[in-house]
Amino acid sequence: MSDQEIYDLYVLQSRNVRHLKKVMNILFKDINKEIKKNDNEFQINSKTKIIALLYCALSEAQFLQIVYTPKGFTASEIGQIKGKRSIAESWVTMIDLAMNKVGNWNSNIDLRTRRNRIQTIIKTYIKEPQEIRNKIAHGQWIHALNSKGTKENENTTISIRELNVVTIKIWSKVHQLLAYIVRDLVQSPQKGFHRFYWINLVKLEDFLLESSAWSMENKIERIKNKGKKYK
């Protein structure tokens, strides 16, 4: 691919990302209406799974947007990133290739610490949601099966049962903050990454601390109390 072709793909993916964000916001508002109206558990659970699918679609779209960042990766590097078996493995490769532009993270303790922190976030907020999404995408909305389809995967079944829009909202926000960090890493490995890494990481860590107290129960109570206020 030429630089122009990479840029054109970046523009296309940017449009996809903006569109998917709008769709997600619509569905989040739709669930809020369901909660306010009658707390229909079946409706809420069904739409939650649809949002989970949509979140993973947005995650993949934003991933490609970053991969095609103008003047970020060469065509050969893009091939390496996209050639992995899963989106999570592709993220890992993308981070490592980008880190190589900053310095040798194998020998530099500071860079290795930054790299490992980003990889931990990827595991928790991209790899694990993708695994849940894969089960839902294959019709396992209530009971998840193991990889061979020979028996139930009880842990994943529990994850699917406990999935809610608050969790997905947290995934989405973390993904956005992570994208800021990776964007600086890809676009400006020698300047922007060092200048903004800690600023963006602090924002991310602060959000993780704040959102650790969020729950679906609190969300339902807040929406219903807000509805009573305006009656």
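The values are calculated or read from the model by the stated rules, or taken from the named source; none is laboratory data. Remember, predicted model here, so these are calculated numbers, not experimental data. Cβ placement follows ideal geometry from the backbone for every residue including glycine, while neighbour counts extend to all protein chains displayed.
Is it the case, given these coordinates, that Lys37 is over 21 Å from the mean Cα position of the chain (by Cα), more than 19 Å from Ile121 (Cα to Cα) and touching a residue at least 40 places away in the same chain (Cβ under 8 Å)?
Criteria not met by Lys37.
Among the candidates Ala144, Ala137, single out the residue that is over 27 Å from Trp105 (Cα atoms), modelled with pLDDT of 80 or more and over 21 Å from the mean Cα position of the chain (by Cα).
Exactly one residue qualifies, and that residue is Ala144.
Select, from Lys135, Lys127, the only residue that is part of a helix (DSSP H, G or I) and touching a strand residue (DSSP E or B) at 6+ places or on another chain (Cβ under 8 Å).
Answer to the check: Lys135.
Kindly indicate whether Ser46 is closer than 25 Å to Asn155 by Cα and either more than 17 Å from the chain's Cα centre (by Cα) or part of a loop (DSSP other than H, G, I, E, B) (or both).
For Ser46, the condition - closer than 25 Å to Asn155 by Cα and either more than 17 Å from the chain's Cα centre (by Cα) or part of a loop (DSSP other than H, G, I, E, B) (or both) - is met.
Return the only residue of Ile87, Ile109, Ile51, Ile118 being modelled with pLDDT under 90 and farther than 17 Å from Val182 by Cα.
Ile109
Might you check whether a residue that is in contact (Cβ under 8 Å) with a residue 40 or more places away in the chain and either part of a helix (DSSP H, G or I) or β-branched (Val, Ile, Thr) (or both) occurs anywhere in segment 100-108?
Yes; the residues of segment 100-108 include at least one that is in contact (Cβ under 8 Å) with a residue 40 or more places away in the chain and either part of a helix (DSSP H, G or I) or β-branched (Val, Ile, Thr) (or both).
Being crowded, with 16+ Cβ neighbours inside 10 Å and of a type in the set (Val, Ile, Thr) is the filter; apply it to segment 102-147 and report the residue that is nearest to Leu201 (Cα to Cα).
Within segment 102-147, the match that is nearest to Leu201 (Cα to Cα) is Ile118.
For the list (1) in contact with a helix residue (DSSP H, G or I) (Cβ under 8 Å, 6 or more places away or on another chain); (2) more than 26 Å from Leu54 (Cβ to Cβ); (3) surrounded by 16 or more Cβ atoms within 10 Å (Cβ to Cβ), I need the number of the one condition that Gln187 fails.
All conditions pass for Gln187, except number (1).
If I filter segment 148-166 down to residues being over 29 Å from Glu217 (Cα atoms) and not basic (Lys, Arg), which single residue comes out as surrounded by the most Cβ atoms within 10 Å (Cβ to Cβ)?
Restricting to residues being over 29 Å from Glu217 (Cα atoms) and not basic (Lys, Arg), the top hit is Gly149.
Show the residue pairs meeting these rules: Cβ distance below 6 Å; 6+ apart or different chains; first residue within segment 71-90 and assigned to a loop (DSSP other than H, G, I, E, B) and acidic (Asp, Glu); second residue at pLDDT below 90 and surrounded by 13 or more Cβ atoms within 10 Å (Cβ to Cβ).
none
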